[in-house]
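Enquirer: Have a look at this one before I ask anything.
The values are calculated or read from the model by the stated rules, or taken from the named source; none is laboratory data. Being a predicted model, the structure only gives us computed values, none of them experimental. Reconstructed Cβ throughout: ideal geometry from the backbone, glycine too, with neighbour counts over all protein chains shown. Side chains are part of the model used for accessible areas, which takes the heavy atoms of the whole protein and leaves out ligands, DNA and RNA. Shrake-Rupley method; radii C 1.70, N 1.55, O 1.52, S 1.80 Å.
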Amino acid sequence: MEEKKRLQELAGLFLKLGIIGFGGPAAHIAMMREEVVEKRKWLSEQSFLDLIGATNLIPGPNSTEMAIHIGHERAGWKGLLVSGVCFIFPAVVLTAGFAWLYKEYGQLPEIQPFVYGIKPAIIAIILMAVFPLAKKSFKTIELGLIGLVTLTLSLLHYNEIAIMFGAGIFVLLKAMLQKKQTLSLVPIFLISFSKSTILAVSNWNLFLIFFKIGAILYGSGYVLFAFLDAELVAKGLLSRSTLIDAIAVGQFTPGPVFSSVTFIGYQIKGWSGALVATLAIFIPSFLFVALLNPLVKKMRNSKLFSGFLDAVNVASVTIIIAICFQMGKDSITDWRTILIAVVSLLSLYFYRKLNSAFIVIGGALLGYGLTLFAV
């Protein structure tokens, strides 16, 4: 009876957070802390901080993994499933609805002025999100040099996933050579450091693409879009314009930004693609939390692993900058889009706590209003 009550409490809490959770992972985690530490006393402050550390040591969406961790702490593996599914569900349903509307009406002239204004607003949102990440990531001169190399490679259109792991493995090997250690773990993913090739589209291919991304993605939710650019846009499965629109949907729907893949899966392969993409991107998070939690303390105390993560984080930031450059070339093409981008940047700079959903809506309205003026 106690277990059933705990599962019901978890379901109610994370459905609520999934519905009202605007503002990205940092906002989601702050809401979770208020609910489970301050209001409900389910966890101590230290335990909650330990879970935050755990989410930063394993790949996947941080706020979703926090929900899964809290569920596991509260009610074991059943709580893990209930919390994760309930937190994800509202965003996925809303995103699927937007995906259908976009497919049916997104290309009509009366919708295009709104989409036209959203794109530069999204670029502004990403750039403002990258700024604090960059300040935190570029800790040393060595990491700064790694950032320059990875930015150059990304602008030359090399595979983003290979760039990120190449940076991490470089630092890992360098540290091991300095300490004359041998590598005790074989890398799980062997990624070719080459330019991307075109793939055929099938649900199985979609599953593999999104499962791989979910299993190896470190960093903020915005890193997801760099990965998607490499795996989908560069391989001809998705246009960059549609990717930007998917980012917009992720911004003005609550819950995890990763629900954007539901939108993308639908654009590529309809309802089956939406389902496959959603399952594939989130399954690794459930597996990692369930299987790797006992190893968290060892990983956290490892200097080698810490250096690897530092390099991956630097590479992820530079890749986002390179992707923003490409998006800007496609989307910021005249005085209207320049104005929308500048207004969005200034709004985010002077009003740091402003929800990004308002920037998206403002960009859409500005885009519509400015298209009424003649050139």
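Enquirer: Work out the FRET efficiency for Lys174 and Glu2 from their Cβ-Cβ distance, taking R0 = 56 Å, and round it to the nearest 0.05.
Expert: Efficiency, from the Cβ-Cβ distance: 0.65.
Enquirer: Can you pull out the trypsin sites (Lys or Arg not before Pro) in segment 6-70 that DSSP calls coil and that have at most 10 other Cβ atoms within 10 Å? Each step should come with its number before you reach the end.
Expert: Values: sites: Arg6, Lys16, Arg33, Lys39, Arg40, Lys41; in loops: Arg40, Lys41.
Taking segment 6-70 and a limit of 10 other Cβ atoms within 10 Å, the loop trypsin sites (Lys or Arg not before Pro) found are Lys41.
Enquirer: What are the ³J(HN,Hα) values, in whole Hz, obtained from phi via the Karplus relation 6.51 cos²θ - 1.76 cosθ + 1.60 with θ = phi - 60°, for each residue of segment 254-261 in sequence order, with x given for Gly and Pro?
Expert: x, x, x, 4, 4, 5, 4, 5
Enquirer: While we're looking at this one, here's another question. First measure r as the distance between the Cβ atoms of Ser302 and Tyr351, then evaluate 1/(1 + (r/R0)^6) with R0 = 35 Å and state the FRET efficiency to the nearest 0.05.
Expert: So the FRET efficiency works out to roughly 0.30.
Enquirer: What residue among Thr253, Thr152, Thr278 shows peak mean-square fluctuation when the chain is described by a Gaussian network model with Cα springs under 10 Å?
Expert: Thr152
Enquirer: Compare Lys353, Lys139, Lys179 in a GNM of the chain, Cα atoms joined below 10 Å, and give the one with the largest fluctuation.
Expert: Lys179
Enquirer: Something else: By per-residue mean of other Cβ atoms within 10 Å, what is the highest-first order of 324-331, 363-370?
Expert: Working: 324-331: 16.6, 363-370: 20.0.
The packing order, highest mean first, is 363-370, 324-331.
Enquirer: Considering only protein heavy atoms and a probe of 1.4 Å, how much of the accessible area of segment 50-146 is carbon and sulfur, as a whole percent?
Expert: Values: 2980 of 4150 Å².
After summing per-atom areas, the C and S share lands at 72 percent.
Enquirer: Give me the percent of accessible area attributable to carbon and sulfur for segment 312-366, probe 1.4 angstrom.
Expert: Answer for segment 312-366: carbon and sulfur cover 71 percent of the accessible area.
Enquirer: Still on this structure, I have one more. Just Ala290, Ala30, Ala11 to compare: in a GNM of the chain, with alpha carbon springs under 10 Å, which one fluctuates most?
Expert: Ala30
Enquirer: So, one more: Working out 0.36 nm times the residue gap between Leu49 and Ala290, then minus their Cα-Cα distance, what length gain in nm do you get to one decimal?
Expert: Here the answer is 84.9 nm.
Enquirer: Please give the calculated 222 nm ellipticity per residue for the chain, where each DSSP H segment of at least 4 residues contributes -39500 (n - 2.57) and the sum is spread over every residue; nearest 500 deg cm²/dmol?
Expert: Helix-only estimate at 222 nm: -25000 deg cm²/dmol.
Enquirer: Give me the 1.4 Å probe accessible area per residue for the chain, excluding ligands and nucleic acids, in Å².
Expert: Ligands and nucleic acids excluded, the result is 47 Å² per residue.
Enquirer: Roughly speaking, what is the stretch gain from Glu142 to Gln326, that is 0.36 nm per residue apart minus the C-alpha to C-alpha distance, in nm to one decimal?
Expert: Working: separation 184, 0.36 × 184 = 66.24 nm, distance 2.62 nm.
Fully extending the segment from Glu142 to Gln326 adds 63.6 nm.
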